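See structure below.
A short reminder: the numbers here are calculations on the coordinates, not readings from a lab. Model, not experiment: these values are computed from the prediction. Backbone-built Cβ (ideal geometry, glycine too); neighbour counts: all protein chains shown.
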Amino acid sequence: MLRLENVTKRFGGLIAVNQVSLEISQGEFVGIVGPNGSGKTTLFNIISGVYFPEEGRVLFEDTDITRFPPYKRAPLGIGRTFQIPRPFSSATVRENVAVGAMFGTLRHKVGVDESMEIADEIIKQVGLEEHRDKQAGGLTPVEKKLTEIGRALAMKPKLILMDEAMSGMHPNDIDQMVALIKRIAKEQNIAMVAMVEHIMRAVVGMAEKVIVLYQGAKIVDAPTREALQDPKVVEVYLGRPKET
Ligand SMILES: Nc1ncnc2c1ncn2[C@@H]1O[C@H](COP(=O)(O)OP(=O)(O)O)[C@@H](O)[C@H]1O
Ligand SMILES: [Mg+2]
């Protein structure tokens, strides 16, 4: 469904993403891990259209979207959450989630009232019912993340990119959250790409495939179990023993 071919993004002299190729299939759950600064967010920004790469191509369902701006990608079914949530603070949770319905794959197909109904459904799914009519600016960080996930789901996307979606959450909440998201994604055949800095049990444990980024380059791309046993992964997180 999504294919990146030799994608490179530079910021001045720094190569943030270096010749990365990868494929995501329909309904697949992929974990992308890598230390801080390894290029995860930049990769997301390339897939969602915030940045255009200097080299390489991005294909979604065989359409070359390398130079599509974000507002042309969302209606194709590419949803995302942000590392730092920025809700419309004075709007309610319900209104924030409804925005996803208005600008996602249903764009121009649903009116405001229908978008609100879709938001109500999604709010139930992510467990934000008691906060539905509160201003989003007053939510806790975890509730803001849930609102973002809700907004992405309301887009009725084919692919959701979650940037550090679980950071700042308690491990128990993470387990529950990932299980919930995975269940919804499976039901609706949505591909999920979750990016996290650390090898989080919940994210990595439920992913079918793990991709490891290091200094902008992809160093591992394998089924989860195999990826975690790869000596390169250990090296990236723990360093190399001195004698070698
Ligand atoms: N807008 C930017 N301008 C300059 N450098 C950037 C910008 N965005 C990211 N970088 C740099 O690119 C590298 C990768 O960053 P990032 O994609 O945010 O990594 P991650 O999300 O894995 O922590 C880092 O060295 C970072 O400082
Ligand atoms: Mg990041």
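Going by how many other beta carbons lie within 10 Å of each one, how would you line up Val112, Val204, fewest first?
Ranked by crowding around the Cβ, least crowded first: Val112, Val204.
By DSSP, the beta bridges lying fully in the chain are antiparallel in about 55 percent of cases. Across the stretch 72-89, rounded Karplus estimates of 3J(HN,Hα) from the backbone phi angles (6.51 cos²θ - 1.76 cosθ + 1.60, θ = phi - 60°) give 8, 8, 4, x, 6, x, 9, x, 8, 10, 9, 4, 10, x, 10, x, 6, 5 Hz, Gly and Pro being marked x.
How high is the relative contact order of the stretch 52-201, in percent, with contacts defined as C-alpha pairs under 8 Å that are six or more residues apart? Worked out over the stretch 52-201, it gives 28 percent.
Taking Cα centre as origin and charging only the Cβ of basic (Lys, Arg, +1) and acidic (Asp, Glu, -1) residues, the dipole magnitude of the chain rounds to 380 debye. Counting other Cβ atoms within 10 Å as a rough exposure proxy, the listed residues His108, His198, His170 run His108, His170, His198 from fewest neighbours to most. One chain, two ends: Ser21 and Thr140. Fully extended at 0.36 nm per residue, the span grows by 39.2 nm beyond their Cα-Cα distance.
Distances between placed amide hydrogens fall under 5 Å for Arg80 paired with Leu161, all partners being 5 or more residues away or on another chain.
Reported to the nearest whole Å, the Cα centre-to-centre distance from the stretch 163-228 to the stretch 113-154 is 22.
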